[in-house]
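Reading through the structure tokens given below for one structure.
Each value in this text was obtained by applying a stated rule to the coordinates, not by laboratory testing. This is a predicted model, so every value here is computed, not measured. Counting neighbours? That spans all protein chains shown, and the Cβs are built from the backbone with ideal geometry, glycine included.
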């Protein structure tokens with residue numbers, strides 16, 4: 001397994017991981033109609049555009065298998081994607097783990113933790129010492145962030161496919177505590 005910065009040519013691989021993991025991870029949480037509306041073709045152009053126009057404040061990493069197929073990815077941010085200035089609980093966190101997805105057959109092998117480390121190290125290199133992540137409240141993957149000693153912060157709502165879902169945030173006041181080099 002190799003973890004590296006994402007390139008424009010990774011757009012299709014990221015798209016496949018994104019769509020496939022959403023369909024499996026959020027089954028029975030997010031409406032089936034919305035999950036079935038996710039298709040590679042539409043998403044690939046969006047990922048390609050994001051990778052082509054990478055802003056300094058967002059960064060992307062992928063993990064590939066021995067055959068160089070993308071099996072996981074993460075997106076980090078040097079600031080909160082949608083900072084809620086009125087929320088004193090989350091507003092003190094500067095960095096954000098925006099997305100992390102690993103194909104089901106590769107989960108529980110340390111890949112997710114490896115991707116989080118890439119985000120943490122990138123944030124630290126840019127002088128950012130705190131981080132938060134938002135996750136669907138009903139997601140079984142909340143345990144992943146708890147295992148990384150993320151502190152439950154608060155909850156809010158997020159609209160997905162026209163429906164509202166409860167999301168919860170986890171934060172790390174000092175990401176140096178979870179950093180390894």
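List of remarks:
- Test result for residue 97, touching a helix residue (DSSP H, G or I) at 6+ places or on another chain (Cβ under 7 Å), surrounded by fewer than 18 Cβ atoms within 10 Å (Cβ to Cβ) and free of Cβ contacts under 8 Å to residues at least 60 places away in the same chain: no
- Verdict on residue 62 being part of a strand (DSSP E or B), under 23 Å from residue 13 (Cα atoms) and free of Cβ contacts under 8 Å to residues at least 40 places away in the same chain: no
- Considered as a group, the residues in the stretch 114-136 that are on the phi < 0 side of the Ramachandran plot, more than 15 Å from the chain's Cα centre (by Cα) and not in a helix (DSSP H, G or I) include one that is surrounded by the most Cβ atoms within 10 Å (Cβ to Cβ), and that residue is 128.
- Neighbours by Cβ (under 9 Å, 6+ apart or cross-chain): first from the stretch 158-178, on the phi > 0 side of the Ramachandran plot and in contact (Cβ under 8 Å) with a residue 12 or more places away in the chain; second surrounded by 16 or more Cβ atoms within 10 Å (Cβ to Cβ) and not in a strand (DSSP E or B): 161/30; 161/35
- In the stretch 76-92 there is no residue that is touching a strand residue (DSSP E or B) at 6+ places or on another chain (Cβ under 7 Å), outside any loop (DSSP other than H, G, I, E, B) and in contact (Cβ under 8 Å) with a residue 60 or more places away in the chain.
- Take the conditions (1) surrounded by 17 or more Cβ atoms within 10 Å (Cβ to Cβ); (2) out of contact with any strand residue (DSSP E or B) (no Cβ under 6 Å at 6 or more places or on another chain); (3) in contact (Cβ under 8 Å) with a residue 60 or more places away in the chain; residue 4 misses just one of them, which is (1).
- Filtered residue count, the stretch 25-59, keeping only those that are assigned to a strand (DSSP E or B) and either closer than 14 Å to residue 12 by Cβ or in contact (Cβ under 8 Å) with a residue 60 or more places away in the chain (or both): 1
- Given (1) without any contact (Cβ under 8 Å) to a residue 24 or more places away in the chain; (2) surrounded by 20 or more Cβ atoms within 10 Å (Cβ to Cβ), number of the condition residue 110 does not satisfy: (2)
- Here is the figure for the stretch 146-157: residues that are in contact with a helix residue (DSSP H, G or I) (Cβ under 9 Å, 6 or more places away or on another chain) and either touching a residue at least 24 places away in the same chain (Cβ under 8 Å) or crowded, with 17+ Cβ neighbours inside 10 Å (or both) total 3.
- The lone exception for residue 19 - which of (1) surrounded by fewer than 17 Cβ atoms within 10 Å (Cβ to Cβ); (2) within 16 Å of the chain's Cα centre (by Cα) it fails: (1)
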